[in-house]
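For reference, the structure is listed below as structure tokens.
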Amino acid sequence: MKKKLKISIINLEINNLHSIHNACIQANYNTQVLEKKDKLSGDIVILPGVGSYSSGMKEINKRNLKEKILDYIYKPNTFFYGICLGMQLLFEKSCEFKITNGINLIDGEVKKIKKQIVPHTGWNTFKLKKNLQIRSFSNNYFYYVHSYICVPKNKDNIIANTYYRGLKFCSIVKQNNIFGTQFHPEKSGKKGIEFLESLKKFFN
């Protein structure tokens with residue numbers, strides 16, 4: 001029997017931790033939660049998040065997580081996945097409330113959605129730009145809740161875009177072993193569980 005891949009979920013204490021933990025168990029991963037003093041370990045590490053960019057970075061700085069993340073991503077056979085705010089924190093900076101520096105793993109910034117259409121909440125699809133292992137999920141519905149969007153400098157890092165009331169924005173980003181989705185797979189029902197399961201394909 002093939003050994004289960006291990007997923008570790010970072011607890012920033014501003015996360016929807018229960019939902020992502022249960023979803024990863026349903027996706028048949030060996031799942032653990034990483035607390036303040038824990039080193040980052042596992043085949044996949046997830047940075048989930050809800051709330052403001054500044055509060056997320058405050059918790060990351062408090063835990064010296066940037067250094068831990070850098071140590072982790074340069075190890076072989078590792079995969080780092082940011083969800084919603086977790087994806088946004090991967091970038092250089094955000095203009096939410098004030099300019100706040102991010103983890104700076106991916107060049108680019110986080111900008112506010114236009115006032116007249118903010119926030120983007122509910123079910124929507126994404127359209128893949130690249131033919132990845134997740135191609136079967138293109139045009140399926142996933143759950144979004146956000147008022148800010150990621151704008152990568154390198155357009156090759158954009159894996160998929162989502163369209164909302166005339167706005168086109170990056171909804172999946174990937175750079176080497178760093179991956180992010182603006183939508184919440186853990187809140188997206190059966191398709192969301194299947195999406196989490198599909199991350200295993202990156203290890204085949």
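The values are calculated or read from the model by the stated rules, or taken from the named source; none is laboratory data. Computed from a predicted model, the values in this text were never measured in an experiment. Note: ideal-geometry Cβ built from the backbone for every residue, glycine included; neighbour counts use all protein chains shown.
Numbers for the structure displayed
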read-out	value
Residue identified as in contact (Cβ under 8 Å) with a residue 24 or more places away in the chain, in a strand (DSSP E or B) and at negative phi among Ile9, Ile60	Ile9
Search result, residues across the range 180-204 that are closer than 16 Å to Gln88 by Cβ and modelled with pLDDT under 95	none
Subset of the range 178-194 that is closer than 20 Å to Gln133 by Cβ and more than 12 Å from the chain's Cα centre (by Cα) - its residue that is surrounded by the most Cβ atoms within 10 Å (Cβ to Cβ)	Gly192
Lone qualifier among Asn140, Asn157, Asn124 - being closer than 17 Å to Leu105 by Cβ and of a type outside the set (A, V, I, L, M, F, W, C)	Asn157
Selection count, the range 97-112, where residues are in contact (Cβ under 8 Å) with a residue 24 or more places away in the chain, more than 18 Å from the chain's Cα centre (by Cα) and outside any strand (DSSP E or B)	2
So Tyr163, is it surrounded by 15 or more Cβ atoms within 10 Å (Cβ to Cβ) and in a strand (DSSP E or B)	no
Condition check for Lys129: at pLDDT 95 or above, surrounded by fewer than 17 Cβ atoms within 10 Å (Cβ to Cβ) and not acidic (Asp, Glu)	no
Residue in the range 90-101 that is crowded, with 19+ Cβ neighbours inside 10 Å, modelled with pLDDT of 95 or more and touching a Gly at 6+ places or on another chain (Cβ under 7 Å) present	yes
